[in-house]
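Report on the following structure.
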Amino acid sequence: MKYLLTALLLSLSATPLLACETVQLGSLEISEAWSRASIGMARPGAFYVTIRNTGATDDALAGIATPVSGKPMLHETVVKDGVASMPHAPAIPVPADSTVQLEPGGYHGMLMGLTQVLKEGETFPVTLTFREAGDVTVPVAIRGMGAKDAGCVDKKD
Amino acid sequence: MRRRTLLVAGASGVGALAFTLGLGWWQSRDSLQPGSALLPLPIGKMSFTLTNHHGVTVTPSEWIGRPTMVFFGFTWCPDVCPTTLSDISLWLQDLGPDADLMNIFLVSVDPERDTPQVLADYLSNFDPRITGLTGSLAEIKRAAEEFRATFEKVPREDDYTMDHTAGVFLFRADGRFGGIIDYHEDRHVALLKIQRLLKAAS
Ligand SMILES: [Cu+2]
């Protein structure tokens, strides 16, 4: 248990504040972008983020790009009859006046073909492409392997 | 009189049904359908042999006497498996030393990539009370069948991923099935389910 607490404290102090800041793109607010530390580069990573659409126009996340992955994709974890699978999501709807979360057990960015080891406490950029709003690049906090969220101290509702 | 006959007929019908179900249970050991609603076998009736992440051979009969928690996954799994592992680590943290009395296993459904050494490296990031199990594909298939779990290799462009049963299986200390903690189950409900097993065992 001590190691968990230590890991938590370490990751809290080492995560640059920047990764927890909200990035604005038109009426979209992008926050809490995070990923987990990787063991080497062979396994795929996952990318999570919160997208808030304060506008009156529906939008959709159509794709992601990042220098840390040769083949980033959008996926959705689906549990059907107790069995988990990860189909490709062509786009993730971001309806007007709503908040969409890419989070564990749901939508996520799948970072296949990692080009570097993801180290806890560091950040990497991900460019999100929206159908309406266009492109925006956000810093992604790399958290510990056991993390379940961005670990931002001042969580937005 | 007529009513009584109906009752008797009804009762024997129930008996026949129970017999059929019982027979189905027995036969199903060799012919399990994916998504089967059947319950896992009691641990005492399980027959697989796997290797743990320390390289030691493991058979389920060794688990009798302690409550057991088992889930299926693989270390190349980017979303569900790390989430389940951190859920379990958090439950264990909440349970404290009480949980030292449990057997807790991750059974890899990807023996091609998950060798004991790979499992050891991966699990060093989570609660040390979680033990990884791997082995031959045939033995992992046998284990999945006995748990009534399923898994399937899904090819992707360059490599592959695995679909697999996501819940956490619970067993009482005597080996009887004690319930499933579903993926996304509320943390309090999960804890209650585990505490029930621990109480029964103490
Ligand atoms: Cu995925």
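Each value in this text was obtained by applying a stated rule to the coordinates, not by laboratory testing. Every value quoted in this text rests on a predicted model; they were computed, and no experiment measured them. Backbone-built Cβ (ideal geometry, glycine too); neighbour counts: all protein chains shown.
May I ask you to evaluate 6.51 cos²θ - 1.76 cosθ + 1.60, the Karplus curve with θ = phi - 60°, for each residue of the range B:127-142 and list the ³J(HN,Hα) values in order in whole Hz, giving x for glycine and proline?
Values per residue, Gly and Pro as x: 4, x, 7, 8, 10, x, 10, 9, x, 6, 4, 4, 6, 5, 5, 5 Hz.
In Å, what Rg and Dmax follow from the Cα atoms of the range A:2-143?
Cα radius of gyration and Dmax of the range A:2-143 are 15.2, 48 Å respectively.
Got a sec to turn the phi values of the range B:67-74 into Karplus ³J(HN,Hα) couplings, 6.51 cos²θ - 1.76 cosθ + 1.60 with θ = phi - 60°, whole Hz, x for Gly and Pro?
Rounded to whole hertz, the list is x, 10, 10, 9, 9, 9, x, 7.
So how do A:144-153, B:103-112 stack up, highest first, on mean other-Cβ count within 10 Å?
Ranking, from highest mean packing down: B:103-112, A:144-153.
Enter the mean number of other protein chain beta carbons within 10 Å of the beta carbon of each residue in B:121-128, as an integer.
4
Which links in A:Lys148/B:Lys199; A:Lys119/B:Lys141; B:Lys153/B:Lys193; A:Lys80/A:Lys148; A:Lys148/B:Lys153; A:Lys119/B:Lys153 stretch past 24 Å when you go from one Cα to the other?
The pairs that break the limit, which is 24 Å between Cα atoms, are A:Lys148/B:Lys199; A:Lys119/B:Lys141; B:Lys153/B:Lys193; A:Lys148/B:Lys153; A:Lys119/B:Lys153.
Using 7 Å Cα-to-Cβ label points, what is the A:Gln101/B:Glu157 separation (nm, one decimal)?
3.0 nm
Per-residue Cβ counts within 10 Å, from other chains only, averaged over B:69-80: what number is that?
For peptide B:69-80, the averaged partner shielding equals 5.
Normalising by the residue count of chain A, find the relative contact order in percent from Cα pairs under 8 Å and 6+ residues apart.
Relative contact order for chain A comes out at 32 percent.
Can you give the Kirkwood hydrodynamic radius for the range B:72-171, in Å, rounded to one decimal and based on Cα pairs?
14.1 Å
For an R0 of 25 angstrom, estimate the FRET efficiency from the Cβ-Cβ distance between B:Gln117 and A:Met41 and round to the nearest 0.05.
According to the calculation, E is roughly 0.90.
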